[in-house]
Amino acid sequence: AFHAWLEQRWGAAPLVELDDLPGAQDEGAADDAALPALQARFEASEWASRTPVAVEVAVETPVDGTVLRGRLDAVFRTPSGGYEVVDWKTGRPPAAGDAAAAAVQLAVYRLAWSRVADVPLEQVSAAFFYAATGTTVRPVEGLDEAALVAVLRSAAVLPPEA
């Protein structure tokens, strides 16, 4: 409901029903009854007064021979002329170990947007906005394409089940 509200707020029509997608629910996500509180925290955030240049953008980008796909919740221009990709979360920020893993998602989004917008990666930042706490977290410092390659190469590749 929070994602749909933001799409309506900026006049973007949803491309798909987000709740129908596998894994669409945030870990520890709030239920619809919490929507007014999430909206209030958003309205008190740095994002409320900004207008995105893109909302709900499907992206895919190759990294070391693997095509990574995702959907960017919103992209904003920065005062320096770059871009900031934001992923809305209705839950709370994760613990340290899980936060590092979550940062990989933003690193992929950042790389994908740099390619879509045809700008250097250094001109694209990325953040999570956790509506349950009203907190913005920017965890991707140093996570460039080389770091993503290292993550992919270290991941265990399991054969498909027979």
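Taken together, the values in this text are just the output of simple stated rules run on the coordinates, not laboratory data. Please read these numbers as outputs of a predicted model, since none were measured by experiment.
Computed quantities for the displayed model
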item	result
Binned Cα-Cα distances of the range 35-162, short to long, each 5 Å bin given as a whole percent	2, 10, 19, 22, 19, 14, 7, 4, 2, 1, 0
Expected-Rg normalisation [2.2 N^0.38 Å, Cα atoms] applied to the range 89-131	1.29
